[in-house]
Amino acid sequence: MNNKNFETEAIRTQTERSLFLEHSTPLYLTSSFVFEDAEDMRASFSEEKQRNIYSRFTNPNTSEFVEKICKMEGAIAGHAFATGMSAVFSTFAALLNTGDHIVSARSVFGSTHTLFTKFFPKWNIQTSYFNVNDLDAIEDLIQPNTKILYAESPTNPAVDILDLERLGQIAKQHNIILVIDNCFATPYLQNPIDFGADLVIHSATKLIDGQGRVLGGVTVGQADLIREIYLFSRNTGPALSPFNAWVLSKSLETLAVRVDKHCENALNVAEFLEAHPKISMVKYPFLSSHPQYDIAKKQMKLGGNVVAFEIKGGIVAGRQFLDNIQLCSLSANLGDTRTIVTHPASTTHAKLTKEERLEVGVTDGLVRISVGLETIEDVINDLRQAL
Ligand SMILES: *Cc1c(COP(=O)(O)O)cnc(C)c1O
């Protein structure tokens, strides 16, 4: 945070106002913008003039959304995308050449993992993986052609914590770009740039929207890197729609109060589960039983809204628990006002072998709960009857 305080920036950053001087930023649903004359058009295209030309490049609503995220993350520049995955893909695609190498945490979002294993090898871009609890292994994986060090913290779905400061030091020492997917923490709970990240990615679909309505993504960080990412996006077209940008920009105004409440509710759920006899393990960053509790406390303001837990009885017990759920939703999303429960071993991670699942922390009875904003007694009562 550079100038004003977090909530003030989230609410008061307003880059656009039309002739009507409206208080709330209007929606600029337009695909293109007009020029005064031939000279204005020439100067705009040559980028002597910074202005909107066409909404695949920039749009007032997407620019306002990006400006807010930059302020909240302490970043100089950024670019918005249609989805979190288009932000992830465009960031790699813009910065990597054929023959380059990535070092990544083994436990990353499923589609990101698929990019590494299925698509990037087509362009001879290979990835080496380290386990999230073994950062010592990273330096041995770094090669002369390693260009990006990549991680998420907290991780999905096992809610492990990676020491961002340590990652920042390793990246700096080896002169590689550190990219952090900060989706689970949001800019409110954690600012990876403070710990040495060069770029920060968000799926805005999750807590940033926070109401399960729109898809969006954003990458922020160093200006020279963002410039490359912008040019890639401008020419390949994964632009965030103005409407979604307008929704997301509004959502940021309430991010702090929403996330505070999400975290309070999640801690309540984690404490309830920890005391329950049918539960063998609970992982929540701000429970003192979390293996990386000290690191979580160092780099996060609060513990986030996702709790992972293990039910005694493996896959059968995990699935039975889901079938018993009445109030909470069984859904693939997270970071919604509605509490969402998933069973990774039989769904998102079902295609992996049991060994591969264990490597990313997905045991058979693991349940992931994205705690919402309902009255927390009602959520806990649902979990209790389902257990
Ligand atoms: C959801 C998610 C993504 C992908 O975002 P989409 O908006 O669904 O494309 C990337 N990283 C993490 C950690 C996520 O949770």
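Quick note: the coordinates plus some simple rules give every number you see, no bench work behind them. Keep in mind the model is a prediction, meaning the values are calculated, not measured. Every residue, glycine among them, receives a Cβ derived from its backbone with ideal geometry; neighbour counts consider all protein chains shown.
Below are the figures for this structure:
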| quantity | calculated |
| --- | --- |
| Loop-located trypsin sites (Lys or Arg not before Pro) in the stretch 285-361 whose Cβ has at most 11 other Cβ within 10 Å (DSSP) | Lys351 |
| Nearest-0.05 FRET efficiency for Tyr54 and Lys297, computed from C-beta distance (R0 45 Å) | 0.45 |
| Order by protection proxy (mean Cβ within 10 Å, highest first), peptides 122-131, 276-285, 320-329 | 276-285, 122-131, 320-329 |
| Whole-Hz couplings from phi, Karplus 6.51/-1.76/1.60, listed for the stretch 167-177; x for Gly and Pro | 4, x, 5, 4, 4, 5, 4, 9, 6, 10, 7 |
| Interchain or long-range residues, amide H under 5 Å from Leu178's placed H | Leu149, Asp198, Leu199 |
| The stretch 96-169-the stretch 321-387 distance, computed between alpha-carbon centres (Å) | 26 |
| Cα-based Rg / Dmax (Å) for the stretch 43-91 | 12.0, 33 |
| Ranking of Lys118, Lys4 by count of other Cβ atoms within 10 Å, fewest first | Lys118, Lys4 |
| Cα gyration tensor, the stretch 255-386 - rounded (a/c under 1.5), prolate or oblate | oblate |
| The stretch 291-362: C-alpha pair distances exceeding 13 Å, % | 73 |
| Sequence ranges 19-30, 366-377, ranked by mean other-Cβ count within 10 angstrom, highest first | 366-377, 19-30 |
| Reach of Lys250 by Cα under 25 Å, taken over lysines that are not fewer than 8 positions away in the same chain | Lys4, Lys68, Lys71, Lys206, Lys261, Lys301 |
| Cβ-based charge dipole, the chain, positive-most Cα from Thr348, Leu267, Val34 | Thr348 |
| Karplus-derived HN-Hα couplings along the stretch 58-64 (A = 6.51, B = -1.76, C = 1.60, θ = phi - 60°), whole Hz, x at Gly and Pro | 8, 8, x, 6, 5, 5, 5 |
| Where trypsin sites (Lys or Arg not before Pro) fall in DSSP loop in the stretch 203-261, at most 16 other Cβ within 10 Å | Arg213 |
| For the chain, diffusion coefficient by Stokes-Einstein and Kirkwood Rh (Cα), 10 °C, 1.306 mPa s, µm²/s | 73 |
| Set of the stretch 320-351 residues, backbone N closer than 14 Å to the point 7 Å along the Cα-Cβ line of Ala275 | none |
| Zone of Asp136's modelled label, taken as backbone nitrogen in the stretch 280-319 under 19 Å from a point 7 Å along Cα→Cβ | 291-295 |
| Net dipole in debye of the chain [+1 Lys, Arg Cβ; -1 Asp, Glu Cβ; about Cα centre; nearest 20] | 580 |
| Inter-label distance, nm, simple model (7 Å from Cα along the C-beta direction), Lys118/Thr15 | 3.4 |
